[in-house]
Amino acid sequence: MRYIEFEKIAETVESLCISAGYELPDDVLSAIKNAAKKETNPAAVKILEQLIENARIAADEKIPLCQDTGLAVVFVEQGAEVAIKNSDGKTLFNAINAGVEAGYEKGYLRKSVVAEPLNQRINTNSNTPAIIHYSLASGDKLKLTVMTKGGGCENKSQFKMFKPTAQKEEIISWVVDVVKAAGAEACPPFIVGVGIGGNFEASCLLSKKALCRKLGQRNSDEFYAQLESDLLLAVNKTGLGPQGLGGNTTALDCLIEFAPCHIASLPVAVNIECHSHRHKSAII
Amino acid sequence: MNTIKKLHPPLNETDIRSLRAGEEVLITGIIYTARDMAHKRLCESIEAGEKLPFELTGAIIYFLGPTPARPGRVIGAAGPTTSSRMDKFSPKLIAAGLKAMLGKGYRNQQVIEAMKKYGAVHLSALGGAGALLSKHIVSSEIIAYEDLGTEAIRKLEVIDFPAIVAYDSAGQTVYKEK
């Protein structure tokens, strides 16, 4: 059994939060640059160029890419042969939250979490608790992925139960409707994460996991790979465009993850992500 | 090429009525930030007949909650938040003299009607470009509701802050749907 110190985990999460806030991932920046080359609407090209400039300023001058530095969504994958060196009974989740709190404070990132949703909505002033998704793997490593997800696009995400006999065209049509409903408010061009199968909550998690993939990388299953391409084409035909002001670049990519499901069900979830798609991973 | 219109708040009726949906503008001068909670409090103050923390007549309100400023800097990232969340509050503020709102995305029919009636516009800034937009802000000072943290009301001085007219005072919009 390999042991990792509590502090090592917290420090890793801290640095992932900070780099996510300031550095647009290479695949996202490349996708925006490619879109700017292909876009036919001059106003849309100008917006895409401003987004490229925004990414440059953020990295060079240490100004966060967006003022909404997000809710920290942390995917943690723990190898079966690795454990946390216990410090005063604190858990892996404590280490992750300690890292998020330190990262948002030291990184001058906005704290956007309220302790309770409906009554008083008092800011926790630490951007914790993070949303943590835990899974097990083989090996002796700990993989951490931090996705700092903005509220504007998260607000436009949707879920629907389809009949198990639904055709893929029905799914495409509904996802396009979700994208149109998201519109200008969710900061297009989007990355559209789609989760198909599982159950009510599992499909939503799949849609977020889909967003962890590299843009342009297709699903390893041929059917879903084709569906991703078809969906991207359909979404970009809406003409919504960057900032909802028209153009062929409504989404930078559509990514699908699927899972087995009940014979009676066909759950589908769409997680809308804005162009400022911030996520960073580390393996320790 | 048309020259881009310059806006210098406080704005008057003539400034507003000359703006058309789709036009680009550059704002120079003093604007005020307010998000959801600050809007709620401003409206409660109006209802209670209390004095507001800033002069609303002719003002531009920016729907913004910035990231903290690094030492020696004026402000952090400073892009717009979703405007429609302010829909239930904006008509009251427009009736009380607000002339322009700066955010991103759509407004509902009540806001559009209020903008037509009183002469106001909704401006859209580039969403998700908080680093780029922050370069147009030269000073920032919290003037009210400090307890709200990032949602406090800030008085900002901006220079050539870029936006487009998303909804004009004739009820026209740059957005094709909605």
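The values are calculated or read from the model by the stated rules, or taken from the named source; none is laboratory data. Fair warning: this is a prediction, and the values are worked out from it, not measured in the lab. Note that we place each Cβ from the backbone using ideal geometry, even for glycine, and neighbour counts take in every protein chain shown. Just so you know, the surface numbers come from the protein's heavy atoms only, side chains and all, with ligands and any DNA or RNA stripped out. Shrake-Rupley method; radii C 1.70, N 1.55, O 1.52, S 1.80 Å.
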Margin query: For the pairs A:Lys62/A:Lys180; B:Lys99/B:Lys176; A:Lys156/B:Lys92; A:Lys33/A:Lys280; B:Lys117/B:Lys176, flag any whose C-alpha to C-alpha distance is greater than 29 Å.
Written below: A:Lys62/A:Lys180
Item checked: Among B:Thr81, B:Thr14, B:Thr67: highest mean-square fluctuation, GNM of chain B, C-alpha pairs under 10 Å -> B:Thr14
Notebook entry, point to check: Between the helical axis of A:168-182 and the dominant principal axis of chain A, each derived from Cα atoms, what acute angle in degrees is found, rounded to the nearest 10?
Noted result: 80 degrees
Check: If you line up the long axis of helix A:222-236 against the longest principal axis of chain A, both from Cα atoms, how many degrees apart are they, to the nearest 10?
Finding: 70 degrees
Notebook entry, point to check: With each pseudo-label sitting 7 Å past Cα toward Cβ, what's the B:Arg70-A:Ala282 distance in nm, one decimal?
Noted result: 1.9 nm
Checklist line | Histogram of C-alpha separations across chain A, 10 Å bin width, % | finding: 7, 27, 33, 24, 8, 1
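Could you tell me the calculated FRET efficiency between A:Glu105 and A:Thr165, based on Cβ-Cβ distance and R0 = 51 angstrom, to the nearest 0.05?
Efficiency, from the Cβ-Cβ distance: 0.50.
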Next item on the list: Mind checking which aspartates and glutamates have their Cα closer than 12 Å to the Cα of A:Lys168? Skip sequence neighbours fewer than 8 apart in that chain.
Entry: A:Glu228, A:Asp230
Next item on the list: Could you tell me which GluC sites (Glu not before Pro) in the stretch B:4-89 are loop residues by DSSP with no more than 13 other beta carbons within 10 angstrom of their beta carbon?
Entry: B:Glu50, B:Glu55
Notebook entry, point to check: With solvent modelled as a 1.4 Å probe, how much accessible area in total do chains A and B shield from it at their shared surface, in Å² to the nearest 100?
Noted result: 2900 Å²
Next item on the list: With the Cα gyration tensor of the stretch B:5-167 in hand, convert its eigenvalues to equivalent ellipsoid semi-axes via √(5λ) and list them largest first in whole Å.
Entry: 22, 19, 14
Next item on the list: Name the residue farthest towards the positive end of the dipole of the stretch A:1-44 from the options A:Pro25, A:Ile9, A:Thr40, assuming +1 on Cβ of Lys and Arg, -1 on Cβ of Asp and Glu, about the Cα centre.
Entry: A:Thr40
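At 0.36 nm per residue, and after removing the present C-alpha to C-alpha distance, how many nm does the segment from A:Arg121 to A:Ile52 gain when stretched out fully?
So the extension gain works out to 21.4 nm.
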Notebook entry, point to check: Using a Gaussian network model of chain B with C-alpha springs under 10 Å, which one of B:His39, B:His136, B:His122 is most mobile by mean-square fluctuation?
Noted result: B:His136
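Restricting to Cα atoms and excluding each atom paired with itself, what does the Kirkwood estimate give for the stretch A:141-284 in Å?
By the Kirkwood definition, the hydrodynamic radius is 15.1 Å.
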Checklist line | Cubic angstrom per residue, convex hull over Cα atoms of the stretch A:224-267 | finding: 88 Å³
Notebook entry, point to check: Hey, got the average number of other protein chain Cβ atoms within 10 angstrom for residues in A:182-189?
Noted result: 6
Check: Can you give the angle from 0 to 90° between the axis of helix A:200-210 and the longest principal axis of chain A, with both taken from C-alpha atoms, to the nearest 10?
Finding: 90 degrees
Check: In debye to the nearest 20, how big a dipole does the stretch B:133-178 give about its Cα centre with +1 on each Lys and Arg Cβ and -1 on each Asp and Glu Cβ?
Finding: 220 debye
Notebook entry, point to check: Extension gain B:Lys176-B:Ser139, at 0.36 nm per residue separation less the Cα-Cα distance, in nm?
Noted result: 9.8 nm
Note to self: Give the residue list of GluC sites (Glu not before Pro) in the stretch A:40-86 that are DSSP loop and have at most 12 other beta-carbon atoms within 10 angstrom.
What the structure shows: A:Glu81
Checklist line | Estimated dipole of the stretch B:1-108 in Debye, rounded to 20 [Cβ of Lys and Arg +1, of Asp and Glu -1, Cα centre] | finding: 280 debye
Note to self: With a cut-off of 8 Å between alpha carbons and a minimum separation of six or more residues, what is the relative contact order of chain A in percent?
What the structure shows: 26 percent
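What are the trypsin sites (Lys or Arg not before Pro) within the stretch A:88-155 that DSSP puts in a loop, where the Cβ has at most 14 other Cβ atoms within 10 Å?
A:Arg121
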Notebook entry, point to check: If you average the sequence gap of Cα pairs under 8 Å that are 6 or more apart and divide by the length of the stretch B:1-57, what percent do you get for the contact order?
Noted result: 33 percent
Next item on the list: Would you work out the relative contact order for chain B, in percent, from Cα pairs under 8 angstrom that are 6 or more residues apart?
Entry: 30 percent
